[in-house]
Structure formats: C-alpha cells, structure tokens
Amino acid sequence: LITSLDQIYDSPMTQPTPLAERLDGVRILVADDSPDNQALMQIYLVKSGATVEEALSGREAVEKALTQEFHVILMDVQMPILDG
C-alpha cells in the first residue's frame, strides 16, 4: 500500500537498472494490439537496454518472427486476426 509520494519516487522501478540486470543486446518482439500496453512495455524494456520491435496482431508477430531473429517474444493472448 502506497501512503506517500516518497514511496513512489523511492521505489525500485524509478532507480537505474543495475548492470547485472540490463538487457543490452537482447532483441524482443512485443505483440499487442493495445498501443498503451506496447508503449509501456517499450519504455521498460528500452530503459533496460533491449532492442524492441512491435507487432499489432498475432499474424504480424508470426511474420516478423519468421523473418527476423528475436531472443524473446512477448505476445498478448487475445488479439485481432490471430491470437497469441
């Protein structure tokens, strides 16, 4: 339970990512039809050093996965055209 703004600003999420936890050189495909979810994931992943590619549907994600190399694919379960 957050009881003051100090707790938010002192939380681990606002601190720099330690070098051991960085994602430098990691290519991640984020497949989600929600622009808000994509933006949130991209913010956290890029701040951690990852390279992020986006897909708006399951079909687009599959096409990108077949033509590019990714270390991780994060895919929403319910999307238009083809579910995750």
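The values are calculated or read from the model by the stated rules, or taken from the named source; none is laboratory data. In this text the structure is predicted, and so the values were computed from the model without any measurement. In case anyone asks, the SASA skips ligands and DNA or RNA and just uses the protein heavy atoms, side chains included. Shrake-Rupley method; radii C 1.70, N 1.55, O 1.52, S 1.80 Å.
For the reader, a short list of remarks on this structure follows.
- Largest to smallest in accessible area, the residues ARG27, ARG59 fall in the order ARG59, ARG27 (1.4 Å probe, all protein chains included).
- Geometric descriptor of the range 16-66, per residue, is 61 Å³ (volume of the convex hull of the Cα atoms).
- Amide H to amide H, with H built 1.01 Å from N, GLY49 comes under 5 Å of LEU23, counting only residues 5 or more places away or on other chains.
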